[in-house]
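**Q** Below you'll find the structure I mean.
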Amino acid sequence: MRRCKPFLGTYVEISIQQENKNETISLAFSAIEKVQNLMSFHDQYSELSIINREAHLRAIAIDPWTSKIIRIAQDIHQHSGGLFNCGIGHRLVKAKLLPGNLDISHHDFGGIEDLQFVGQDCIISSRPLCLDLGGIAKGFAVDMAVNALKLNGIHSGCVNAGGDMRIFGNKPQTIHIRNPKVPSNVIEIGSLMNGAIATSGLYFFNRNQQQSYIINPLTSKDSDIHHVFSESFSIIANECVYADALTKVLILSKQENHSCFKRYQAQAIRIGV
Amino acid sequence: MNWKPTPFAIAGLAMMGTPLMVQAKIYVSAEQAQKVLFPNKSFSKAPILITEDLQERMRSASSIRHPFQGDRIWRSADGSWFIVDEVVGKHEMISYAVGINPQGNITGIEILEYVESYGYEVGDAQWRKQFNGKNANDPIKLNQDIQNIGGATLSCKHITDGVKRVVLLYELALKTPALAARPK
């Protein structure tokens, strides 16, 4: 059976082999909803918004899931040489790609590296932060949903959050991605079993004539901040959180053999136009 | 992880690929969605006539232009509501269900069908009709072998707008039923 709900700004689809498992699928959707409630930039009461407002003023106790995603984000930040950094929220606010709940004019914002753990699930920041987890939370949510399904006896299935997807169980599934040149066409790129894939392309974004949502955290030149590209970049990894985050490293480095892919056992695919 | 790429994925070539003329994903029927959003509750149909004034207010609150159909509203004895609506984009049509509890809070949103189309006018009501009321077991075999599609994130903004108008409908016409015009 297959169900779909709107979450995380996109459509989240859960499909499993078994029928009549509505309650189990609802549990998996609850995991996605929990990630949205904790990590939404749009919601001023989310843990992320509290961190952005107050982490430089006091230590903040956070949910173990938020701890987990911050630790993963810090690890990828370190091993990508800073190419992956969640400390770019203010850039997206400035470009009106995120809502301006936070006063961004008077701060010199730090990055994910400025967060320190003062306990297992307690953090403090040495600088004001404007973190956006948009580049990693969808993948994390997919993993949490897959965990919920597995824990409740589902052996095989797929969770797809707007193109960030994870397939589990012993049935290989054919993967298609959109052709970056003609997004109404799909290309069969291979078959995947027990793994995750995330893809980034700007082909839907450009039709709204907004600025690119891919931010280069290492540049200080205004013209280079919004990274524009026409190809599509995919990462295949064991877990979707890594697939999601590492697409940004691939887009910005354009290196399919970037050293950090090996560390996370990830494979890069770049489809040119 | 077990990944077997096709040769041109290895080469990184954008072949033309398969044209995705119509992709229809049918998730759950309205009846199934009702059970998902309100387990163990029974609903009966409670259609209302949508006056021009109400239609106009829903339009301006949500920026959705095509009219809301008042015959897809259900009510349970305890005052919960179950409403089915659809939103139509340039290339896609999505029908969805919203559950509202007796206190007026949204209990959940469930997507019923997602139809993506290129080369057809999705806005054409006749064309859309062929998908209405089908369920997951119906044999619409349009690109059904293409299930797992990666790619840039498709925004669910249309649904967000749609839910806005459903909430307004509740506020203006359902909350105080005496004010709503009901067909016999």
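The values are calculated or read from the model by the stated rules, or taken from the named source; none is laboratory data. These numbers come from a predicted model, not from an experiment. Quick reminder, even Gly has a Cβ in these numbers, built from the backbone with ideal geometry, and neighbours come from all protein chains shown.
**Q** B:P102 fails exactly one of the following numbered conditions: (1) in contact with a Ser or Thr (Cβ under 9 Å, 6 or more places away or on another chain); (2) crowded, with 16+ Cβ neighbours inside 10 Å; (3) at pLDDT 65 or above. What is the number of that condition?
**A** Exception for B:P102: condition (2).
**Q** Being more than 20 Å from A:L246 (Cβ to Cβ) and either of a type in the set (S, T, N, Q) or part of a loop (DSSP other than H, G, I, E, B) (or both) is the filter here; which residues of the stretch A:52-92 pass it?
**A** A:N52, A:A55, A:H56, A:L57, A:R58, A:A59, A:I62, A:D63, A:T66, A:S67
**Q** Further question on the same structure: Yes or no: A:S49 small (G, A, S), within 14 Å of chain B (Cβ to nearest Cβ) and outside any strand (DSSP E or B)?
**A** Against the criterion (small (G, A, S), within 14 Å of chain B (Cβ to nearest Cβ) and outside any strand (DSSP E or B)), A:S49 does not qualify.
**Q** Mind checking whether some residue in the stretch A:244-259 is part of a loop (DSSP other than H, G, I, E, B), surrounded by fewer than 24 Cβ atoms within 10 Å (Cβ to Cβ) and more than 14 Å from every other protein chain (Cβ to nearest Cβ)?
**A** The answer is yes; a qualifying residue exists.
**Q** Exactly one condition in (1) surrounded by fewer than 24 Cβ atoms within 10 Å (Cβ to Cβ); (2) more than 16 Å from the chain's Cα centre (by Cα); (3) among the charged types (D, E, K, R); (4) within 11 Å of another protein chain (Cβ to nearest Cβ) is not met by A:E239; state its number.
**A** (2)
**Q** A:N208 is checked against (1) under 30 Å from B:G89 (Cβ atoms); (2) surrounded by fewer than 24 Cβ atoms within 10 Å (Cβ to Cβ); (3) at pLDDT 90 or above; (4) of a type outside the set (K, R) and fails just one. What number does that condition carry?
**A** Here A:N208 meets the rest and fails (3).
**Q** Looking at the stretch A:2-13, is at least one residue within 12 Å of another protein chain (Cβ to nearest Cβ), of a type in the set (S, T, Y), under 15 Å from the mean Cα position of the chain (by Cα) and in a strand (DSSP E or B)?
**A** Within the stretch A:2-13, one or more residues are within 12 Å of another protein chain (Cβ to nearest Cβ), of a type in the set (S, T, Y), under 15 Å from the mean Cα position of the chain (by Cα) and in a strand (DSSP E or B).
**Q** Scan the stretch A:99-116 and tell me whether some residue there is under 18 Å from the mean Cα position of the chain (by Cα), part of a helix (DSSP H, G or I) and on the phi < 0 side of the Ramachandran plot.
**A** yes
**Q** Output the residues belonging to the stretch A:23-59 that are free of Cβ contacts under 8 Å to residues at least 12 places away in the same chain and either among the basic types (K, R) or closer than 18 Å to A:G153 by Cβ (or both).
**A** Once the filter is applied, which keeps residues that are free of Cβ contacts under 8 Å to residues at least 12 places away in the same chain and either among the basic types (K, R) or closer than 18 Å to A:G153 by Cβ (or both), the stretch A:23-59 yields A:E23, A:S26.
**Q** Restricting to the stretch A:62-116, give me the number of residues that are in contact with a His (Cβ under 7 Å, 6 or more places away or on another chain), without any contact (Cβ under 8 Å) to a residue 24 or more places away in the chain and over 22 Å from A:T219 (Cα atoms).
**A** 0
**Q** Is it true that some residue in the stretch A:126-144 is within 12 Å of chain B (Cβ to nearest Cβ), over 22 Å from A:Q74 (Cβ atoms) and out of contact with any Cys (no Cβ under 6 Å at 6 or more places or on another chain)?
**A** No, the stretch A:126-144 contains no residue that is within 12 Å of chain B (Cβ to nearest Cβ), over 22 Å from A:Q74 (Cβ atoms) and out of contact with any Cys (no Cβ under 6 Å at 6 or more places or on another chain).
So that you can scan it fast, the table gives a plain yes or no per residue for (1) modelled with pLDDT of 90 or more; (2) within 20 Å of the chain's Cα centre (by Cα):
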position	(1), (2)
B:F38	yes, yes
B:T51	yes, no
B:E56	yes, no
B:R59	yes, yes
B:R65	no, yes
B:G70	yes, yes
B:I73	yes, yes
B:G79	yes, no
B:F82	yes, yes
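**Q** Separate question: Would you mind stating whether A:P172 is surrounded by fewer than 24 Cβ atoms within 10 Å (Cβ to Cβ) and under 30 Å from A:I88 (Cα atoms)?
**A** Considered against the rule, which asks whether it is surrounded by fewer than 24 Cβ atoms within 10 Å (Cβ to Cβ) and under 30 Å from A:I88 (Cα atoms), A:P172 comes out as no.
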